[in-house]
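J.: Structure in structure tokens, see below.
The values are calculated or read from the model by the stated rules, or taken from the named source; none is laboratory data. Source: prediction; values computed, not measured. Note that we place each Cβ from the backbone using ideal geometry, even for glycine, and neighbour counts take in every protein chain shown. Calculation scope for accessible area: heavy atoms of the full protein, side chains included, ligands and nucleic acids excluded. Shrake-Rupley method; radii C 1.70, N 1.55, O 1.52, S 1.80 Å.
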Amino acid sequence: GYVQADAANVFDRVYNGGVAEAIEVGCMAHARRRLVELKDTDCRVAYPLLLIRRLYKLEELADLKELSPDARAAQRQERSLPALEKLQRWMVATVRDEPPSSAVAQAASYFVNHWAALTRFVEDGRLSLDNNLCERQIRDLALGRRNYLFAGSHDAARRSARLYSLMRTCAQHGVAPLPYLTDVIEKLAADWPEQRMAELLPDRWASLQAHASAAAHV
């Protein structure tokens, strides 16, 4: 299946069969960042940034229309692809005409070298332009990693990882952690059936709470 990440070399084994044979999906936000860093010193990057902004505007439009993955892919083929073609021409011309050591040439080279991965979102409406959702979810861990150096044991570290994952899932689904954990722990203490454990996952728990609240007001 697809794996979306930045173009760090550590991920290569996931795509080339070293540990897996996933399909690489690039991150437009990582590529764009290289241009944003130059906007105050090189006015030429305004054009590719405008094209990238158009790509994101089209995604916002698809969200507003609540398009299905197939319909989103069709919109991308019709409206995003022309912007991508212009963006590619600019990148190729910049790499050709600029000294390789210049900052703008290096930014353009990133696009050229990873073009297939960066544009793979066009072929499947389920894919995103970037992996910002993942970046936001791990931001707290990245900011606090010095505080998380030691967990006491390998088993404790695994339990911590599960809890971090659970809390970020709560955040993704808009579930407040304190009432969620309070309710789930009480249910577990009261011998909640093992075969119904999946019902306690944050997204399903939220649905159960909504149904319970609606029933209480009938």
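J.: Can you name the residue in segment 146-175 that is surrounded by 11 or more Cβ atoms within 10 Å (Cβ to Cβ), small (Gly, Ala, Ser) and more than 20 Å from Cys134 (Cα to Cα) and, of all such residues, is modelled with the lowest pLDDT?
T.: Among them, the one singled out is Ala151.
J.: Any residue at all in segment 191-210 that's touching a residue at least 12 places away in the same chain (Cβ under 8 Å), of a type in the set (Phe, Trp, Tyr) and either in contact with an Asp or Glu (Cβ under 8 Å, 6 or more places away or on another chain) or open to solvent by 80 Å² or more (accessible area, probe 1.4 Å) (or both)?
T.: Yes - at least one qualifying residue is present in segment 191-210.
J.: Please identify the pairs in which a residue from segment 1-13 that is part of a helix (DSSP H, G or I) has its Cβ atom under 6 Å from the Cβ atom of a residue that is open to solvent by 40 Å² or more (accessible area, probe 1.4 Å), counting only partners at least 6 apart or on another chain.
T.: Arg13/Val19
J.: Residues in segment 89-148 that are outside any helix (DSSP H, G or I) and not β-branched (Val, Ile, Thr): how many?
T.: So the answer is 14.
J.: Taking the condition basic (Lys, Arg), modelled with pLDDT of 90 or more, touching a strand residue (DSSP E or B) at 6+ places or on another chain (Cβ under 7 Å) and within 30 Å of Leu81 (Cβ to Cβ), does Arg126 pass?
T.: No, not satisfied.
J.: Also, quick follow-up: Being of a type in the set (D, E, K, R) and either touching a strand residue (DSSP E or B) at 6+ places or on another chain (Cβ under 8 Å) or under 30 Å from Glu37 (Cα atoms) (or both) is the filter; apply it to segment 49-73 and report the residue that is surrounded by the most Cβ atoms within 10 Å (Cβ to Cβ).
T.: Glu59
J.: Looking at segment 11-34, which of the residues that are among the aliphatic types (A, V, I, L, M) and more than 15 Å from His114 (Cα to Cα) is least open to solvent (accessible area, probe 1.4 Å)?
T.: Taking the candidates together, the pick is Ala22.
J.: In this structure, is Ala8 farther than 14 Å from Gln106 by Cα and either of a type outside the set (S, T, N, Q) or open to solvent by less than 70 Å² (accessible area, probe 1.4 Å) (or both)?
T.: yes
J.: All but one of (1) within 28 Å of Asn132 (Cβ to Cβ); (2) of a type outside the set (Ser, Thr, Tyr); (3) open to solvent by less than 70 Å² (accessible area, probe 1.4 Å) hold for Leu178; state the number of the condition that does not hold.
T.: (3)
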